[in-house]
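The values are calculated or read from the model by the stated rules, or taken from the named source; none is laboratory data. Predicted model, so just to flag it, every value in this text is computed and none were measured. Glycine gets a Cβ as well: all are built from the backbone with ideal geometry, and neighbour counts include every protein chain shown. Ligands, DNA and RNA are excluded from the accessible area calculation, which covers all protein heavy atoms including side chains. Shrake-Rupley method; radii C 1.70, N 1.55, O 1.52, S 1.80 Å.
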Amino acid sequence: MRRATVAIVGRPNVGKSTLFNRIVGGRRAIVDDRPGVTRDRHFATSEWGGKHFWLVDTGGWFAGEDDALHSGIRQQIQLAIEQSDAVVFVVDTNAGVHPVDLEVAQLLRTHGARVVVAANKADDLPNNVSHLAFHELGLGDPQPVSAAQGTGSGDLLDRIVALLPEAPEQPPEGLINVAVVGRPNVGKSSLVNRLLGEERSVVAPEAGTTRDAVDSPLRYHGRTLNFIDTAGLRKRSKVEDEIEFYSALRSERAIEQADVCVLVVDATSGLHAQDLKIAQAAWERGAALIVAVTKWDLIDGKDTTTAIRGEQQVAQRAPFLRAVPFVYVSGLTGLRARKILDLILDVAAARERRIATAEVNRALEALVARNQPPQRGGQEVKLYYGSQVAITPPTFAIVTNHPEAIPESYRRYLEHGFRETWEFAGAPIRIKFRRKRGRR
């Protein structure tokens, strides 16, 4: 599902981060009374009225400051305005119309149709009418809200989601969205160019050349593979400049939209913790996964067991990667690059696979006969039957008398058994336990 983007902007200490936390339902952003605390940008997913969106918390707009930090924050806010579907301009009703508010309003005025003025700290609603003063900004009716108390937040969200685009139409049948992801400068663009057979993505030795997610379709064996060559993902703490921040946001959105993710890992530097986090994010969101170890031609002294040993070490750190195919390639020479296309078709087919109910139950009976579920305090735990209830990713429901008593280890045992039976290579599968309904 493609989510819209909503940016929160305003001068320092007006409650932007408090409003961000209120909307996403947790303390995701740092809140402090000192101005300028939000230096790193934060983003999270949220939902209201059936509409899902990304919410971006930006730093405060400083006026008359020429140092690099404040200049970067101003650039970031300008990017937020340009690249978001809706903008929430937060002002402080206690302070009234501030000169910096007028400066930000001037910047927003040409985008007025996408802007909602959130007049924050209106704690005495409906008696508080101090928000009316912000009509002076020329951005429509200000929406009074108390981010700290939650008062008026529902009305504000109603106005925000009314600005968001409707959900896109279903993609064409046969389309496979492929997100090529990984840390900066591991060879993603070189690999995509090799697969596409032309220089569609800029390739440079400097990290971070690809700033945006670029779509490139390729017809292969009757399917359309839509490659998304994304900007490199690195730790949030290292996302230092505002352009790279939005590149990371677009990359996460690409993972969210992808049917298949190709995680590109640099063979010369090995698998980093951030690579594992990217793989985990794709897996948890239900995308099929392939690990492409690039620059394999640069590894000296490798033999037939080098790759096997490496995969075993990786599986110890992240057991779910045992189910993921690895391919060892070179974007420069084209070594095994074509195999990636075949693997994409394979893992996409596994993600779309549907198993007949009779087959599910035969496999389930065999697995239970081999290893009974742990018993619960003298009560027998029974697994009655199962069926596949969804695809993309394959999801199975198993009916039991005590779903809460089945440990995670046994769920993993069943998942491993299903994988052995049907070879869901590269595709995550879900197993849910449901309580058997009694007779009425």
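Atom-type composition of the exposed protein surface of the range 75-178 places 50 percent of the accessible area on carbon and sulfur (1.4 angstrom probe).
Rolling a 1.4 Å probe over the protein heavy atoms gives the range 382-438 an accessible area of 49 Å² per residue. Cut-off 17 Å, label point 7 angstrom out along Cα-to-Cβ of Arg285: give me the residues of the range 343-368 whose amide nitrogen falls inside. Once the point is set 7 Å along Cα→Cβ of Arg285, 348 turn out to lie under 17 Å by backbone N, inside the range 343-368.
Rounded if a/c is under 1.5, else prolate if a/b is larger than b/c, else oblate: which is the range 270-400, with a ≥ b ≥ c the root eigenvalues of its Cα gyration tensor? Judged from the Cα gyration tensor, the range 270-400 comes out prolate (a/c at least 1.5, a/b above b/c).
Using C-alpha pairs below 8 Å separated by at least 6 residues, the relative contact order for the range 76-177 is 26 percent.
The apolar share of the surface of the range 317-374, taken as the fraction of accessible area on carbon and sulfur atoms (1.4 Å probe, ligands and nucleic acids excluded), comes to 52 percent.
Among Ile228, Ile308, the order of accessible area from largest down is Ile308, Ile228, computed with a 1.4 Å probe on protein heavy atoms. Within the assembled protein chains, the solvent-accessible surface assigned to Arg412 is about 130 Å², based on a 1.4 Å probe.
Rolling a 1.4 Å probe over the protein chains gives His52 an accessible area of about 70 Å². Taking 0.36 nm per residue of separation and subtracting the Cα-Cα distance, full extension of the segment from Gln316 to Ala113 would add 67.9 nm. Each residue was assigned an accessible area with a 1.4 Å probe, and for Trp54 the value is about 10 Å².
Just grab the label-to-label distance for Arg430 and Ile308, each label 7 Å out from Cα along the Cβ direction, in nm (one decimal). Here the answer is 3.6 nm between the modelled labels. Per residue, the accessible area of the range 263-303 comes to 39 Å² when a 1.4 Å probe rolls over the protein heavy atoms.
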